[in-house]
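Encoded as structure tokens, the structure appears first; notes follow it.
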Amino acid sequence: MEKMAVTGGAGFIGSNLAERLASQGYPVVILDNFSTGREQNLSGWTGRFSDRVEVVRTDINETDTLRRLFQGVRFVFHQAAIPSVPRSIADPALTHASNITGTLSVLIAARDAGVSRVVVASSSSVYGDDQTLPKQEDRVGNPLSPYALSKAVCEQYCRLFQQLYGLETVCLRYFNVFGPRQDPRSEYAAVIPRFCTRLLAGRKPMIYGDGEQTRDFTFVDNVVDANWHVANHPRAAGGVFNIGCGTRTSLNQLVTWLNSILGTALQPSYEAARAGDVRHSVADVSKARDLLGYTPAVSLQNGLERVVAWFRANTEAWDGTA
Ligand SMILES: NC(=O)c1ccc[n+]([C@@H]2O[C@H](COP(=O)([O-])OP(=O)(O)OC[C@H]3O[C@@H](n4cnc5c(N)ncnc54)[C@H](O)[C@@H]3O)[C@@H](O)[C@H]2O)c1
């Protein structure tokens, strides 16, 4: 079977994607510098697929190493990035190096190695200050953070590499992904793993702002499905697609649902809103549906039940840190 490469494969989304590819029988090379990725995202499953999974500790800016590792690879799933808005505001140079220069390196290596298609993780953050709801792919505003800017630049590099060098690229604008292996521990952690682990530890979840900001929370299996779908779809090449569920949920509503799944009744505490955060975000999912026939299979409610079950069963992933 043809080989696949996953950059950022030791991270949350990348490890879920790499596991799926390996379980479908594909040889997979994982490239990661373990800056935010973790060994434990790999240790639970790579042993089952030791005949076909190779893990290489490398920075994606090591273009020569990537060129070598991409030999014979059909699809590159580029997930590696510093994935946080507040972290990008605190350290824009780091975000630039990993997200922009790193993506350029991935594209150059993929082009030189003759890779068929590169699927790139973009982000709903590229919609920036545009107020239109739901978010449609062709209406983007000004980025509100170095992270958002980095994803917008990556999309432009992808477009150019397809136009100039014939390297097929697809960009997926993920909307607030959640699921097993998402890291709740850092100060830059996403809300669902933070809320879940705080509630499991019997502590109040903490919300930045009034909690009425809305997001389109998307279970990670939907994102994994979408990556595979667009890698194989002839009409996806050169495209940019929203990957979300198309439903808006406020953070206050999310806490209510998580409390009900967990059987707890812990009310949130509120802190000042953070710079760079958009107020409302929800995907218009019609482009991926109408052009490619992709629809998300896992509902928010079902995804929340699954992620709560995972954090309950994997306390070592967060114990003592919530
Ligand atoms: N999680 C979300 O809600 C979300 C939303 C929109 C977009 N995204 C994008 O999806 C991708 C995956 O995000 P995630 O949530 O799994 O984050 P993550 O931090 O769990 O995974 C990112 C991985 O990239 C690796 N990495 C970072 N810089 C690297 C470098 N220079 N060289 C090699 N490896 C490097 C990290 O070690 C980590 O394993 C990112 O591109 C992110 O921007 C995520």
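The values are calculated or read from the model by the stated rules, or taken from the named source; none is laboratory data. Being a predicted model, the structure only gives us computed values, none of them experimental. Methodologically, a virtual Cβ is constructed for each residue, glycine included, from the backbone with ideal geometry; neighbour enumeration extends over all protein chains shown.
Yes or no: A148 at pLDDT below 95 and under 14 Å from the mean Cα position of the chain (by Cα)?
So A148 does not fit the description; no.
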Please determine, by comparing only the residues of segment 28-43 that are touching a helix residue (DSSP H, G or I) at 6+ places or on another chain (Cβ under 9 Å), in a loop (DSSP other than H, G, I, E, B) and not hydroxyl-bearing (S, T, Y), which one is farthest from the ligand (Cβ to nearest atom). R38
Residue that is surrounded by the fewest Cβ atoms within 10 Å (Cβ to Cβ) [pool: residues in segment 246-303 that are touching a residue at least 60 places away in the same chain (Cβ under 8 Å) and acidic (D, E)]: E271
When the residues of segment 44-69 are filtered to those that are in a loop (DSSP other than H, G, I, E, B) and more than 14 Å from the ligand (Cβ to nearest atom), which remaining residue is surrounded by the most Cβ atoms within 10 Å (Cβ to Cβ)? R52
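For (1) in contact with a Leu (Cβ under 8 Å, 6 or more places away or on another chain); (2) over 22 Å from N302 (Cβ atoms); (3) away from the ligand (no atom under 16 Å from the Cβ), each residue gets a yes or a no:
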{"site": "L144", "(1), (2), (3)": "no, yes, no"}
{"site": "E155", "(1), (2), (3)": "no, yes, no"}
{"site": "G166", "(1), (2), (3)": "no, yes, yes"}
{"site": "Y188", "(1), (2), (3)": "no, yes, no"}
{"site": "A201", "(1), (2), (3)": "no, yes, yes"}
{"site": "R215", "(1), (2), (3)": "yes, no, no"}
{"site": "N232", "(1), (2), (3)": "no, yes, yes"}
Considering only residues that are in a helix (DSSP H, G or I) and not aliphatic (A, V, I, L, M), which ones fall in segment 242-275? N252, Q253, T256, W257, N259, S260
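Let me confirm something: among F217, F241, which residue is touching a Phe, Trp or Tyr at 6+ places or on another chain (Cβ under 8 Å), buried (at least 18 other Cβ atoms within 10 Å of the Cβ) and under 15 Å from G179 (Cβ atoms)?
Only one candidate passes the filter, namely F217.
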Requiring at least 3 residues that are surrounded by 15 or more Cβ atoms within 10 Å (Cβ to Cβ), the helices (runs of 4 or more DSSP H) wholly within segment 85-171 are 85-90, 102-113, 146-165
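Please determine whether any residue of segment 279-295 is at pLDDT below 95 and over 17 Å from the mean Cα position of the chain (by Cα).
Residues of segment 279-295 at pLDDT below 95: 279-281.
Subsequent filtering for residues that are over 17 Å from the mean Cα position of the chain (by Cα) retains 279-280.
So far as segment 279-295 goes, yes, one or more of its residues are at pLDDT below 95 and over 17 Å from the mean Cα position of the chain (by Cα).
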